[in-house]
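K.L.:
This is the structure I have questions about; it appears just below.
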Amino acid sequence: MDAQRPLLVFDSGVGGLSVLDAIRRRLPTAPIVYVADSGGFPYGTKSEAEIAARVPALLGRLVERYRPRLVVIACNTASTIALAAVRAALDLPIVGTVPAIKPAALASTTRAIGVLGTNATVRQPYVDRLAAEFAADCAVVRHGSARLVELAEAALRGNPGDAEDYREVMAGLFDQPGGEAIDTVVLACTHFPLVAGQLAAASPRPLAFVDGAEGIARRVVTLTQGQPWPEQPSQGIAVFTSDADVSALEPTLAARGLGRIERL
């Protein structure tokens with residue numbers, strides 16, 4: 001294993017940076033290729049068929065170009081729909097992202113949890129199975145929000161948004177039957193931890209927010225155990241799949257060691 005072979009972290013946009021942050025804390029010198037599928041963004045409003053066709057093909061091209069040692073699909077929507085197909089198509093370790101329903105159920109004292117994700121994620125049968133297996137004794141209230149993905153993308157471009165926007169998102173959970181008892185919220189989209197502070201401020205009462213980033217980072221460490229890494233961190237690469245202007249993102253990317261921008 002060449003120490004310079006990167007980890008490839010893939011998302012529809014910049015939400016996967018929340019997962020990258022967790023990986024960086026454990027593997028600070030790992031070479032990184034971060035891919036934002038700006039040409040396909042947003043995934044949460046697309047059909048299952050569109051995502052199932054796009055993600056494996058795109059990752060095949062990326063793996064061929066960058067030769068990563070491991071791929072992280074840092075996107076709940078892509079993982080719940082296309083993870084099995086990607087694993088079947090690519091001959092290297094693939095780490096997916098799933099809604100953190102199990103830790104939320106363990107944390108909840110009221111036995112009522114909220115699941116905040118994209119429209120595509122919250123309607124998946126996979127989420128039904130997680131809830132049945134790990135939260136059978138809990139009320140599980142789901143809300144899909146394309147608007148919150150937009151707010152998180154804007155926040156990383158320096159536009160924090162309006163507090164009322166976040167209150168409306170949280171009302172989508174609380175105004176449903178059983179919503180008044182929620183004490184723990186699953187952030188089932190990797191964009192959402194990036195605006196967890198705004199969500200907490202917009203909530204009518206204290207809540208626990210849980211996401212899967214730390215679990216993903218632990219899995220990456222396990223799967224790469226014993227492999228060599230560079231002694232010093234190197235400049236990472238941020239890849240975008242469209243010609244969209246990303247200049248407003250450059251400070252956020254540079255702060256995470258992604259100093260080089262490429263297009264696919």
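K.L.:
Of all residues in the stretch 104-129, how many are part of a helix (DSSP H, G or I), touching a helix residue (DSSP H, G or I) at 6+ places or on another chain (Cβ under 6 Å) and open to solvent by less than 20 Å² (accessible area, probe 1.4 Å)?
P.N.:
Counting residues in the stretch 104-129 that are part of a helix (DSSP H, G or I), touching a helix residue (DSSP H, G or I) at 6+ places or on another chain (Cβ under 6 Å) and open to solvent by less than 20 Å² (accessible area, probe 1.4 Å) gives 3.
K.L.:
Additional query: Can you name every one of the strands (runs of 3 or more DSSP E) wholly within the stretch 148-264 that holds 3 or more residues which are over 20 Å from the mean Cα position of the chain (by Cα)?
P.N.:
260-263
K.L.:
Right, something else. Any residue at all in the stretch 133-147 that's crowded, with 21+ Cβ neighbours inside 10 Å, assigned to a helix (DSSP H, G or I) and at negative phi?
P.N.:
no
K.L.:
While we're looking at this one, here's another question. Open to solvent by 30 Å² or more (accessible area, probe 1.4 Å), closer than 20 Å to L20 by Cα, modelled with pLDDT of 95 or more and not small (G, A, S): which single residue out of L58, L92 fits that description?
P.N.:
L92
K.L.:
Step by step: first the residues of the stretch 154-189, then only those that are of a type in the set (A, V, I, L, M) and under 20 Å from T109 (Cβ atoms), then the one that is most open to solvent (accessible area, probe 1.4 Å). Which residue is that?
P.N.:
Taking the candidates together, the pick is A181.
The values are calculated or read from the model by the stated rules, or taken from the named source; none is laboratory data. Because the structure is a prediction, the values reported are computed rather than measured. Neighbour counts are summed over all protein chains in view; Cβ atoms, including those assigned to glycine, are modelled from backbone coordinates with ideal geometry. To get the accessible areas, we keep the full protein, side chains included, count just its heavy atoms, and leave off ligands, DNA and RNA. Shrake-Rupley method; radii C 1.70, N 1.55, O 1.52, S 1.80 Å.
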